[in-house]
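Encoded as structure tokens, the structure appears first; notes follow it.
Derivation of every value follows stated rules applied to the coordinates shown; laboratory data play no part. All values reported here derive from a predicted model rather than from experimental measurement. We place every Cβ from the backbone using ideal geometry, glycine too, and count neighbours over all the protein chains shown.
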């Protein structure tokens, strides 16, 4: 007799636990809002410090800030800055003439930004580093100076 | 609709009066019925797959399909079906080719066949057999053979494990299912589905009649097991067996298994609505609409359960069937018979 | 017992590197008799990237991003172990504010990692909805990380001597809001999973690991505490400011999958407690000690240990006086838990393999390095 009552109790407890689970799913069924973001119809929500594609900065006079001091290249753990070349000017006037950033190798670790003594680079909000070939993931100085997203273009 | 039927009957009478081969007309009528039922089932499956994705999305705080065909994504299933049709048809080396190809049909055709006895409304039933319930029980057992064929012929260990699990599960849950249906048959006094619906006329649903509530619960649980849905979806346990018995199927062959599963799901829900909820009965709205409402209510409930519960292991599943459901179902049958007898005295 | 009349043979089933439930690229070669597992041989190495060898060719500072990618679900713990080792070598101590920030980051990582555990464990047992709920709960944590560090998963935010940057305006309020929200959601998981009859019969009594064997296999973390052994590095060898914080060490006596699951659920609640205390007590000050630009520790060796969500994560650094380490070696807890897996699978069915493997919560990134 004890066994049978145990079985009945077990069945009752089991059924109750399942009912509780169903109640939780029901409450979530009715809960709004939905957490789905309608990407890419709407751009992904990016917070200010997001570390995405590298961006080169200009100063107030519109001049490139990067002086090709190679600090970022030395700081990078994965050799994601394969090419930096300065122009012919000397001293304070020197600026970078060529700069390549390899988006395929970059870890987005921020070491280059921290190493730069001139605050010339930052990892910006661009979250898409895709390309159709390996060369596409490399960005040269002109592309690194572009604002993202390009005005008039959807963010993606 | 009745206009068309009337026109057809006039044509039939004229044809037979000529003495021509009447069986040709009968044959064409059968084909027509089969086509209509198949079309209805396929359309329903399309809707059900979309519904499943929407319901699961809603429960999980997300939006289901919302791109294809407008804001609610109604054409998503059609897109998926098109995709399946365009996929490469892979038959694994070493697979038993004949059985491999036949298996999807053995699973799909019986699922269509059982729709023959369900009354969609007070005038629409393909063939209201005198042994309707028995017919359903017999034909519902067929897809299991198809599962075993699929698992065996795939030449894959995961598939064979899934197939054997499917066989064990199907056989075990067949018994409480039949017993639950027997309860209803005892209460209605006939195996004919039309009689069962008639016995519930005027709002006296069998669900409200004691002790058929037990039969209702048992029917729901075993129906979920027969359709291989969580918590009984071991044969196709995705996270363990990578789709179990149909893991070697690709393209439209897989599509057939998928279709069959949802068609079977709709059938058990419709049958539950017919047996326990009064079928097409209901005030104000046309009977066919009531039938659909009740069937879809059961479908949504089964989906709700699916997205809430974890999966049972094979031995626990069998223990549940044999040690709990069968005794309770037997007791329910005896109780129903007693109550029925008492009512007659 | 005489010879059986039906000849049976053992079947080898391969749960290959691609499988929905092996939590990464792990290959399990199972020997089955029917549905019962009689042997298991884990094959690893599919995610080996040579991190320890790479570490010898990078400066001490440059190794930090690589440590993130070991146990990628809680990258701050890995960072912390390595950075602690280097700080021991150099005799540097992080300022108090940095210590509190480190604890904040690590505990948030712990909650995020345990949420992934709950999600994948539930998913393996076909409670797919809980998977999505846990991932949904993880989004506010990712937002907190992104707001502070700029990255959602591999933050790379620890430095030798402190943390990289301070928390921005409004971060504390958001963190408090998250701490207020989480316990209610954990209660929902309790109602959906812990109390659920089906979940209980799948996990109770399954995959027993007796405490003596757990210690023999060098298990740690929730795998050890789920066998009743009350050992937590945050209490046994306190680091950072854990000795000043008030929290319970969660253990469970039943040694089964349910025990390990319960330990992790309770740890999430304790982590919320810790985070709230840190937010209350956060002192003013700098976040990075005065450290030379080029790190050149004196020759020697040091070992940094942290209690990661998986267990005892350690990092052994050997310095020869140069700017690059002579040897970096990581002690990954999942590696040892994987060694205990064949013992835990013995005699259970295929369906239990997934449950047991899920309950020890391994991450192949740190197993293979």
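For the range A:34-87, what does the convex hull of the Cα positions come to per residue, in cubic angstrom? Write down the numbers at each step before the final one.
Working: hull volume 9.4 nm³, N = 54.
Convex hull of Cα atoms, per residue: 173 Å³.
With a ≥ b ≥ c taken as the square roots of the eigenvalues of the C-alpha gyration tensor of the range C:11-368, please select rounded if a/c is under 1.5 and otherwise prolate if a/b is larger than b/c or oblate if it is not? Don't jump to the answer; show the numbers that get you there.
Values: a/c = 1.99, a/b = 1.36, b/c = 1.47.
It is oblate, given that a/c is not under 1.5 and a/b is not larger than b/c.
Expressed as a fraction of 2.2 N^0.38 Å, the rule-of-thumb size for a compact globular protein of N residues, what is the C-alpha radius of gyration of the protein assembly as shown?
Working: Rg = 32.4 Å, N = 870, 2.2 N^0.38 = 28.8 Å.
Taking N as the residue count of the protein assembly as shown, the ratio is 1.13.
Starting from the Kirkwood radius over alpha-carbon pairs of the range C:175-319, derive D by Stokes-Einstein at 10 °C in a medium of 1.306 mPa s and give it in µm² s⁻¹.
89
Binning every alpha carbon pair distance of the range C:266-369 at 10 Å from zero, what are the percents per bin?
12, 24, 29, 24, 9, 3
Compute the separation of the alpha-carbon centres of the range C:170-201 and the range B:25-89 and state it in Å as a whole number.
36
Would you calculate a helix-derived [θ] at 222 nm for chain C, using -39,500 (n - 2.57) for each DSSP H run of n ≥ 4 and dividing by the full residue count, to the nearest 500?
It lands at -14500 deg cm²/dmol.
More than 21 angstrom separation, counting every C-alpha pair in the range A:54-145; what % is that? Walk me through the intermediate numbers first.
Details: 1058 of 4186 pairs.
For the range A:54-145, the fraction of Cα-Cα distances above 21 Å is 25 percent.
Over all directions, how big on average is the projection of the convex hull of the alpha-carbon atoms in the range B:49-132, in square nanometres? Spell out each step's value before the answer.
Details: hull surface 40.1 nm².
Averaging across all directions leaves 10.0 nm² for the Cα convex hull.
Just checking the output field for C:262-270: average partner chain Cβ neighbours within 10 Å of each residue's Cβ?
On the way: counts 0, 0, 0, 0, 0, 0, 0, 0, 0.
Neighbouring Cβ atoms belonging to other protein chains average 0 per residue here.
If you take each beta carbon of peptide A:23-34 and count the beta carbons of other chains within 10 angstrom, what is the mean?
Numbers: counts 4, 13, 14, 3, 3, 12, 9, 2, 3, 1, 2, 9.
Per residue, the number of nearby Cβ atoms from other chains is 6 on average.
Can you put A:7, C:144 in order of Cβ neighbours within 10 angstrom, beginning with the fewest? If you can, show how the numbers build up before the last one.
On the way: A:7 13, C:144 22.
Exposure proxy ranking, most exposed first: A:7, C:144.
Considering Cα pairs under 8 angstrom that are at least six residues apart, work out the relative contact order of chain B and quote it in whole percent.
21
Could you please rank A:45, C:19, placing first whichever residue has the fewest other Cβ atoms within 10 Å of its Cβ?
On the way: A:45 10, C:19 20.
In increasing order of surrounding Cβ atoms, one gets A:45, C:19.
If you take the Cα atoms of the range B:118-206, find Rg, then find the Kirkwood Rh from the mean of 1/r over all pairs, what is Rg/Rh? Intermediate values should be presented prior to the final figure.
Numbers: Rg = 17.3 Å, Rh = 15.1 Å.
When Rh is taken as the Kirkwood radius, the ratio is 1.14.
What Kirkwood Rh does the range B:25-344 have if only Cα atoms enter the pairwise 1/r average? Answer in Å.
Working: mean 1/r = 0.0489 Å⁻¹.
About 20.5 Å for the range B:25-344.
Please work out the Cα center distance from the range C:328-365 to the range C:101-164, rounded to the nearest Å.
Taking the Cα centre of the range C:101-164 as reference, the centre of the range C:328-365 is 21 Å away.
Compare the peptides A:136-143, C:129-136, C:293-300 by average per-residue count of other Cβ atoms within 10 angstrom and give them in order, highest first. Spell out each step's value before the answer.
Numbers: A:136-143: 15.6, C:129-136: 22.8, C:293-300: 13.5.
Top of the packing list down: C:129-136, A:136-143, C:293-300.
When averaged across all projection directions, what area in nm² does the alpha-carbon convex hull of the range C:139-244 cover? Write out the running numbers ahead of the final one.
Numbers: hull surface 39.5 nm².
Average of the hull's projected areas for the range C:139-244 equals 9.9 nm².
Taking the Cα atoms of chain A alone, what are Rg (to one decimal) and Dmax (as a whole number) in Å?
So, for chain A, Rg and Dmax equal 27.2, 99 Å respectively.
Of B:34, B:225, B:273, which is the most mobile in a GNM of chain B whose springs link Cα atoms less than 10 angstrom apart?
B:34
Roughly what angle does helix C:350-360 make with the longest principal axis of chain C, taking Cα atoms, 0 to 90 degrees, to the nearest 10?
20
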